[in-house]
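> I'd like to ask you about the structure that follows.
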Amino acid sequence: MRDGEWVADTGTELRGVLKVMVDAGWLPGGVAVVGAGGLWEFVAVGRVGIECGEAVTAPDTRYDVAELTKVMATWPLVGRAVAEGLLDLDAPMRHYFPGRHPGGGVTARQILTHTSRLNPVTWLERYVGTDRPLAEAILDEELEEPGYRVTDRGFILLGLLLERLHRQPLDRLADDLWRHVGLSATRYGPLPRTPSVAPTERRIPGAAATWGVVHNENAALMGGVAGHAGVFSTAADLGVFARELLAWHAGEHGVTRFTDFVRHSWLPHQTVDDRFARGLAWKVTADGLVHHNGFTGTSLFLHPPTGRYVGLLTNAVHYGRRRPGLGDLRATVRAAFTC
């Protein structure tokens, strides 16, 4: 199938699934960007959220991307630090955070593949009111048994490590990266409560919805800026980001150490099950699909062999955390890459 047909057909499929979800009251609305090569198309269905009245969602509506923060902020910043010689993926954390900590032998590579053995329970409330630096507190926890366990703690630690290496706040480092890539609307919160920002969840009945501030509770404890969550973005920026990553992978910017990092990241490093393996940060399938999801209802899918991509932005948690239909929406995207 030609790229133009694929973009049009995939957009039509996603529009239909999103409409079903909106009509069923499963989410207020959603936006998708579907692209291939120099072509792209935007799909926007429904409203921004209850708080925004009749405002409809659009390609420039900002959504809380949740764990897409890991691949939109932390992962590329790690890659840049590796390319600049500031970070060794296989150096133990004690090299960067001196001290005798149980987690001192953990490496950045293990964190990126979710094999670090760091505590998978991320609650940071236990550290509130203590005088220990957060990185030290995370490394002081006893390690789990060897194996694959998804944990946000590792990406929180990488965010703190990046700040230490560059001696700059993570949000400032990310802003510099995004401006260089060409993302004009992506940033850490907080953002103004306007119809151009999608609210996430009303956590307590009768209270205001979480709106313009990070949905993830642990990132909120960190002031909204963390290595695992806190970023807001638009479908337009997600499309630009996807194009740039695919261009780096293809060597269109020259073969550099960052090109090598992207290519290395999108190889399978840790088998998870018969559906996917884990690359560095990303999930990787046997047919070459690279993807990542965010809890709020977001996803980014890239297919380097064809240069095709799909970005999804929804506030599926707006009516609660069950998020009905979200699995089907993501399955529709995955199926599109088999055409």
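The values are calculated or read from the model by the stated rules, or taken from the named source; none is laboratory data. Being a predicted model, the structure only gives us computed values, none of them experimental. Cβ sites come from the backbone with ideal geometry, for glycine too, and all protein chains shown count toward neighbours.
> For Thr332, state whether it is within 24 Å of Phe42 (Cα to Cα), part of a helix (DSSP H, G or I) and either in contact with a strand residue (DSSP E or B) (Cβ under 9 Å, 6 or more places away or on another chain) or of a type in the set (Ser, Thr, Tyr) (or both).
The answer is yes for Thr332.
> Find the residue count for the range 18-53, including only residues that are without any contact (Cβ under 8 Å) to a residue 60 or more places away in the chain, under 19 Å from Thr200 (Cβ atoms) and either in a loop (DSSP other than H, G, I, E, B) or hydroxyl-bearing (Ser, Thr, Tyr) (or both).
Number of matching residues: 0.
Residue-by-condition table, conditions (1) in contact with a Ser or Thr (Cβ under 7 Å, 6 or more places away or on another chain); (2) at pLDDT below 95; (3) assigned to a loop (DSSP other than H, G, I, E, B); (4) among the hydroxyl-bearing types (Ser, Thr, Tyr):
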site	(1), (2), (3), (4)
Ala229	yes, no, yes, no
Asp237	yes, no, no, no
Phe241	no, no, no, no
Ala247	no, no, no, no
Gly254	no, yes, yes, no
Phe258	no, no, no, no
Val262	no, no, no, no
Pro268	no, no, yes, no
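> Checking the structure you have, find out if any residue of the range 316-334 is under 29 Å from Met1 (Cβ atoms), surrounded by fewer than 22 Cβ atoms within 10 Å (Cβ to Cβ), of a type in the set (Asp, Glu) and without any contact (Cβ under 8 Å) to a residue 60 or more places away in the chain.
Checked against the condition, which is being under 29 Å from Met1 (Cβ atoms), surrounded by fewer than 22 Cβ atoms within 10 Å (Cβ to Cβ), of a type in the set (Asp, Glu) and without any contact (Cβ under 8 Å) to a residue 60 or more places away in the chain, the range 316-334 yields no hits at all.
> Oh, and also: Which members of the range 54-94 meet the condition of being touching a Lys or Arg at 6+ places or on another chain (Cβ under 8 Å), under 18 Å from Tyr319 (Cβ atoms) and touching a residue at least 60 places away in the same chain (Cβ under 8 Å)?
Ala55, Thr57
> So, one more: Taking only pairs six or more apart or across chains, which ones have beta-carbon atoms under 9 Å, a first residue in the range 215-227 that is under 20 Å from Tyr319 (Cα atoms) and at pLDDT 95 or above, and a second residue that is outside any loop (DSSP other than H, G, I, E, B) and not small (Gly, Ala, Ser)?
From residues that are under 20 Å from Tyr319 (Cα atoms) and at pLDDT 95 or above, the pairs are His215/Asp64; Asn216/Asp64; Asn216/Glu67; Asn216/Thr69; Glu217/Glu125.
> Moving on. Within the range 110-160, can you find the residues that are exposed (fewer than 14 other Cβ atoms within 10 Å of the Cβ) and not in a loop (DSSP other than H, G, I, E, B)?
Result: Glu125, Arg126.
> Something else: Would you check if there is a residue in the range 52-74 being surrounded by 20 or more Cβ atoms within 10 Å (Cβ to Cβ), under 22 Å from Gly230 (Cα atoms) and at pLDDT below 95?
So far as the range 52-74 goes, yes, one or more of its residues are surrounded by 20 or more Cβ atoms within 10 Å (Cβ to Cβ), under 22 Å from Gly230 (Cα atoms) and at pLDDT below 95.
> Can you pull out every residue in the range 289-315 that is surrounded by fewer than 21 Cβ atoms within 10 Å (Cβ to Cβ) and either hydroxyl-bearing (Ser, Thr, Tyr) or at pLDDT below 95 (or both)?
Thr306
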